[in-house]
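Undergrad: Once you've had a glance at the structure underneath, I'll fire off some questions.
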Amino acid sequence: MNTRQMRLAIAAHHEPGAPLVAREIAEHGLQYVFDAIPEAVRINPESILTKITECGAHLITPEDSSWPDALDDLQSPPIVLVVKGDAEVLKVKSLAIVGTRNPTPYGIRIASEFAAGFVDREWAIVSGGAYGIDSAAHKGALIAEGATIAVTASGIDSPYPAGNQRLFDEILESGAIITEYLPGVSARPHRFLVRNRIIAALSRGTLVVEAAFRSGSLRTARDAAELMRPVLAIPGPITAPTSEGCHRLIGERSAELVTSVADAIELMQPLT
């Protein structure tokens, strides 16, 4: 069995993001981890590849030239990635824009404007494809005729949320939808938190636009900080619950306060 097939079998058997699996692969190699899977429960890798192809997607692994090396900085890098669209966009310098699913008009406008501003400077925009700030960021990049990447927490055959299918179709025209989950895997709450580390690692920095005090977006910000990637936050009214997470990051000095695209670009400049 070749490397790609072993990776697929391992990905089908283990939930993504498991530190133990990543550690065993790093210390003992793929063959060791593959051999530990009982033969009775091994899934045929070729059947998975067929499903991926039927979705109009393709598989990439760390052994491929199109693999984004930035993901290797993770403690638990993806075992495989399923990509629909242009895999080359994964190597373009990019900014992650994340935030609440229930934004104010202010948040939507800011996310869109910052996405467009970075796209104008030939950056790609990375987000999670969700409603709210994610959608505003993707749309801002598309309106500016730039590339954007959606990282989903479900299989490529059912990107979440289903109501954003039109947006996903538009993303594919110049960007990509990616996931470490195999076809047939549905979105679950814990998978979004696991997925967030990929958004953080794929990008050179993360911008948080409107986030509640307890928010998955703050997890993405902390994932970025652990990778020593810049974290930026947009301030809002001190009375706005949707800005409490941003103010928390700024108050804890976990994020740099930014009020313009120029501010953000200057903070990201050492990484360009």
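Undergrad: Would you point out which residue out of GLY129, GLY140, GLY107, GLY146 is closer than 24 Å to PRO241 by Cβ, assigned to a loop (DSSP other than H, G, I, E, B) and out of contact with any Leu (no Cβ under 6 Å at 6 or more places or on another chain)?
TA: Answer to the check: GLY129.
Undergrad: Can you find even one residue in the stretch 65-82 that is assigned to a helix (DSSP H, G or I) and either among the β-branched types (Val, Ile, Thr) or surrounded by 21 or more Cβ atoms within 10 Å (Cβ to Cβ) (or both)?
TA: Looking for residues that are assigned to a helix (DSSP H, G or I) and either among the β-branched types (Val, Ile, Thr) or surrounded by 21 or more Cβ atoms within 10 Å (Cβ to Cβ) (or both), one finds none in the stretch 65-82, hence no.
Condition check ((1) under 13 Å from SER203 (Cα atoms); (2) surrounded by 22 or more Cβ atoms within 10 Å (Cβ to Cβ)) across all residues:
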site	(1), (2)
LYS93	yes, no
THR104	no, no
ALA116	no, no
ASP120	no, no
ILE125	yes, yes
ALA130	no, yes
ILE133	no, yes
GLY140	no, yes
ILE143	no, no
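Undergrad: Among the residues of the stretch 13-28, write down those that are among the small types (Gly, Ala, Ser), surrounded by 13 or more Cβ atoms within 10 Å (Cβ to Cβ) and out of contact with any helix residue (DSSP H, G or I) (no Cβ under 6 Å at 6 or more places or on another chain).
TA: ALA18, ALA22
Undergrad: Being surrounded by 15 or more Cβ atoms within 10 Å (Cβ to Cβ), assigned to a loop (DSSP other than H, G, I, E, B) and of a type outside the set (Asp, Glu) is the filter here; which residues of the stretch 173-184 pass it?
TA: Within the stretch 173-184, SER174, GLY175, TYR181, LEU182, PRO183 qualify.
Undergrad: Yes or no: PRO159 over 21 Å from LEU227 (Cα atoms), at pLDDT 95 or above and either in contact with a strand residue (DSSP E or B) (Cβ under 9 Å, 6 or more places away or on another chain) or outside any loop (DSSP other than H, G, I, E, B) (or both)?
TA: No: the conditions fail for PRO159.
Undergrad: Among the numbered criteria (1) touching a residue at least 24 places away in the same chain (Cβ under 8 Å); (2) aromatic (Phe, Trp, Tyr); (3) assigned to a loop (DSSP other than H, G, I, E, B), which one does PHE114 miss?
TA: Exception for PHE114: condition (3).
Undergrad: List every residue pair whose Cβ atoms sit under 8 Å apart, with the two residues 6 or more apart in sequence or on different chains, where the first one lies in the stretch 4-19 and is within 11 Å of ARG42 (Cα to Cα) and in contact (Cβ under 8 Å) with a residue 12 or more places away in the chain and the second, anywhere, is acidic (Asp, Glu) and buried (at least 22 other Cβ atoms within 10 Å of the Cβ).
TA: That search, which allows pairs on different chains as well, returns ALA11/GLU180.
Undergrad: How many of the residues in the stretch 225-251 are surrounded by fewer than 21 Cβ atoms within 10 Å (Cβ to Cβ), at negative phi and of a type in the set (A, V, I, L, M)?
TA: Residues flagged as surrounded by fewer than 21 Cβ atoms within 10 Å (Cβ to Cβ), at negative phi and of a type in the set (A, V, I, L, M) within the stretch 225-251 amount to 5.
Undergrad: Does any residue of the stretch 181-191 turn out to be closer than 16 Å to HIS138 by Cα and touching a Gly at 6+ places or on another chain (Cβ under 8 Å)?
TA: no
Rundown of residues vs (1) under 26 Å from the mean Cα position of the chain (by Cα); (2) not polar (S, T, N, Q), yes/no style:
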site: ILE10; (1), (2): yes, yes
site: PRO16; (1), (2): yes, yes
site: ILE25; (1), (2): yes, yes
site: LEU30; (1), (2): yes, yes
site: ALA36; (1), (2): no, yes
site: ALA40; (1), (2): no, yes
site: ASN44; (1), (2): no, no
site: ILE52; (1), (2): yes, yes
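Undergrad: Cβ-Cβ below 6 Å, separation at least six or inter-chain, first residue in the stretch 224-241 and under 14 Å from ALA96 (Cα atoms), second charged (D, E, K, R): which pairs?
TA: LEU227/ASP73; LEU232/GLU256
Undergrad: So which residues in the stretch 86-104 are assigned to a loop (DSSP other than H, G, I, E, B) and of a type in the set (S, T, N, Q), if there are any at all?
TA: THR100, ASN102, THR104
The values are calculated or read from the model by the stated rules, or taken from the named source; none is laboratory data. Computed from a prediction, not measured in an experiment: that's the story for all the values here. Neighbour counts are summed over all protein chains in view; Cβ atoms, including those assigned to glycine, are modelled from backbone coordinates with ideal geometry.
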